[in-house]
Amino acid sequence: MEKEENILGYEKIGKLIRKFSIPCIISLLVNSLYNIVDQIFIGWGVGYLGNGATNVVFPLTMICLAFALMFGDGASAYLSLKLGQKKNEEAAKGIGNGISLSVIISIILFTIIELFLPTLLNVFGCTDEFMSYALSYGRIIGVGLPFMIIGTTLNSMIRADGKPYTLDVNGGDMETTINRITIKAAVTALRRIKLNQPYEIRIHADCDYFERMLKAARVYAEHDWKTKAGKEIANADLWKEVYIFKKTNHVTADSDLLERYECKDELEDKLKLWKYMS
């Protein structure tokens, strides 16, 4: 699987706020409308007894939502920290733990609701007048709450991940990713080399994606640039061109820090200028 540089590491703050806040606002509005729409239809179809029953059951939803936000926001905060530190394996473990906890707590809460729903409703202040409606509604809600917990947990994690974003580069290629930009830069540099004799070429990239893929290029070429599942690998068109250079030249890559290179300052200045202009 390809590893991409996270957009949170280089994009402008204003643009990030717009891209992340709008989906978040829409998500919160949908969650708010969920209960409001329930109340409207129940009021029309059942009457005040139905509205009273749903209000009595509502604390169960809030309790489950509290657990979902605890796992989701906690895992997303951990994810953001680890991605910022470029510790992707630890970030993945944190996400896995968050999802596992949400599944476990969902099963536990579902079991408690199904076994002790009448007792819980009494604790919430349900009277005999509303009890039958509250039991019916509560058992239905109890079945859906585990899915709500897991979905809300994942929703928070997805917002922190940043991977759904793409860049508009060179005239509107909306599928362009950081990985593709890296390969394009390499291909552009290789095209400038006159191939009248073999060269020893070393390409530096700030992530290990290019290095890993370059080492695996021969294997992918033998399999017609497809994965084991039969799908074409990402950026296959560019990798084919890189592979042509690799066959006639000694092409290697590394993802070491710039401190190793004498041209470090010059490269960093050009990189800052490129990010500013983009």
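Being modelled with pLDDT of 85 or more and either exposed (fewer than 12 other Cβ atoms within 10 Å of the Cβ) or outside the structural domain of residue 68 (by TED's automatic domain parsing) (or both) is the filter here; which residues of the stretch 80-103 pass it? 96, 100 - these are the residues of the stretch 80-103 that are modelled with pLDDT of 85 or more and either exposed (fewer than 12 other Cβ atoms within 10 Å of the Cβ) or outside the structural domain of residue 68 (by TED's automatic domain parsing) (or both). Answer yes or no as to whether residue 148 is more than 39 Å from the chain's Cα centre (by Cα) and either assigned to a helix (DSSP H, G or I) or not assigned by TED's automatic domain parsing to the domain that holds residue 51 (or both). Criteria not met by residue 148.
Within the stretch 57-67, the presence of a residue that is closer than 14 Å to residue 157 by Cβ and under 33 Å from the mean Cα position of the chain (by Cα) is excluded. Annotation note: Cβ proximity below 7 Å between a residue of the stretch 9-32 that is more than 18 Å from residue 79 (Cα to Cα) and modelled with pLDDT under 75 and a residue that is assigned to a helix (DSSP H, G or I) and of a type in the set (S, T, N, Q) (sequence gap 6+ or interchain) occurs for 27/155.
Checked against the criterion of being closer than 20 Å to residue 142 by Cα and either surrounded by 15 or more Cβ atoms within 10 Å (Cβ to Cβ) or in contact (Cβ under 8 Å) with a residue 60 or more places away in the chain (or both), the candidates 66, 53, 75 yield just one match: 53. Can we say residue 219 is within 16 Å of residue 190 (Cα to Cα) and at pLDDT 65 or above? So residue 219 does not fit the description; no.
Only a single item in (1) exposed (fewer than 12 other Cβ atoms within 10 Å of the Cβ); (2) more than 30 Å from residue 89 (Cβ to Cβ); (3) at pLDDT 60 or above is not met by residue 276, and it is number (3).
Residues checked against (1) at pLDDT 80 or above; (2) assigned to a strand (DSSP E or B); (3) small (Gly, Ala, Ser); (4) under 30 Å from residue 85 (Cα atoms):
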{"position": "190", "(1), (2), (3), (4)": "no, no, no, no"}
{"position": "229", "(1), (2), (3), (4)": "no, no, yes, no"}
{"position": "242", "(1), (2), (3), (4)": "yes, no, no, no"}
{"position": "245", "(1), (2), (3), (4)": "no, no, no, no"}
{"position": "252", "(1), (2), (3), (4)": "no, yes, no, yes"}
{"position": "262", "(1), (2), (3), (4)": "no, no, no, yes"}
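Scanning the stretch 104-121 for residues that are exposed (fewer than 14 other Cβ atoms within 10 Å of the Cβ) and not charged (D, E, K, R) yields 104, 107, 108, 111, 115, 116, 118, 119.
Quick check, is residue 130 part of a helix (DSSP H, G or I), at pLDDT 90 or above and hydrophobic (A, V, I, L, M, F, W, C)?
no
Of all positions in the stretch 67-75, at least one carries a residue that is under 30 Å from residue 208 (Cβ atoms) and out of contact with any Ser or Thr (no Cβ under 6 Å at 6 or more places or on another chain).
The values are calculated or read from the model by the stated rules, or taken from the named source; none is laboratory data. Note that the coordinates shown come from a computational prediction; the quantities given were computed from them, not determined experimentally. Methodologically, a virtual Cβ is constructed for each residue, glycine included, from the backbone with ideal geometry; neighbour enumeration extends over all protein chains shown.
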